[in-house]
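Worksheet for the structure shown next.
The values are calculated or read from the model by the stated rules, or taken from the named source; none is laboratory data. Small disclaimer: the values here were computed from a predicted structure and weren't measured. Positions of Cβ are generated from backbone atoms using ideal geometry, with glycine treated the same way; all protein chains shown enter the neighbour counts.
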Amino acid sequence: MGKKHAEGLQFWTLDEFKLFFEAIKDKPMSEAIFNLMFYSGIREGELLALTLKDFNFEKNTVDINKSYVIFNGEDLIQTPKTPKSKRVITLPIQTMEIIKNYAGNLYSYRPTDRLFTCTKSYLSHEMIRGCRLSGVKKIRVHDIRHSHTSLLIELGFQPLLVSEHLGHENIETTLQTYSHLYPNKQQEVADKLSEIAQ
């Protein structure tokens, strides 16, 4: 992704996501999917490959170790995009509760089955529905990943940590894609140094 394209990234603020989330949580699958995507930053393919076995409810983590694609009309589970894409993400307790409730209501489900048996077009339709009902601006499903990242940056997390969390192959990818979200951090550095220099 080039820097020029990166500057045109679309994303929601936390408040916008909350409005959208209220609008789509009437469907348990959508509630689980979009909460998980926003608070983990995982890719669509990673999401759709997940099984219940990938979740550790004691440690509040999800193990990202595969990706789902449709190739020639066939469902395929592949290794993730890059070696660094294999990662374990710690999730908010609230997200884990939503996943647990969702999984608990599935019929004849085995822990090794795909947890979300929907397609990418289902995700797109739900995005459109949620935006229409909530009035928030329309973004792409992949932009939820950007929304998660912008939230991490806003919360003050360092680029290296953000890079590892997203499963980027190197920190340069993170910095090139999101550098425009970091400018105010330079001022924060100067302010902190000014404080201790007095």
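Tabulated data
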| item | result |
| --- | --- |
| Cβ pairs under 6 Å, 6+ apart, first in the stretch 69-82 and closer than 17 Å to LEU166 by Cβ, second surrounded by 13 or more Cβ atoms within 10 Å (Cβ to Cβ) | PRO80/SER67; PRO80/LYS86; THR82/GLU169 |
| Test result for GLU44, of a type in the set (D, E, K, R), buried (at least 16 other Cβ atoms within 10 Å of the Cβ) and closer than 24 Å to ARG110 by Cβ | yes |
| Among the residues listed as LYS4, LYS84, the single one being out of contact with any helix residue (DSSP H, G or I) (no Cβ under 6 Å at 6 or more places or on another chain), at pLDDT below 95, assigned to a helix (DSSP H, G or I) and more than 18 Å from ARG145 (Cβ to Cβ) | LYS4 |
| Any helices (runs of 4 or more DSSP H) falling wholly within the stretch 131-181 and containing at least 1 residues that are among the small types (Gly, Ala, Ser) | 143-154, 159-166 |
| Some residue of the stretch 34-44 being part of a helix (DSSP H, G or I) and more than 23 Å from LEU155 (Cα to Cα) | yes |
| Residue count, the stretch 104-127 (criterion: in a helix (DSSP H, G or I) and either of a type outside the set (Gly, Ala, Ser) or modelled with pLDDT of 95 or more (or both)) | 7 |
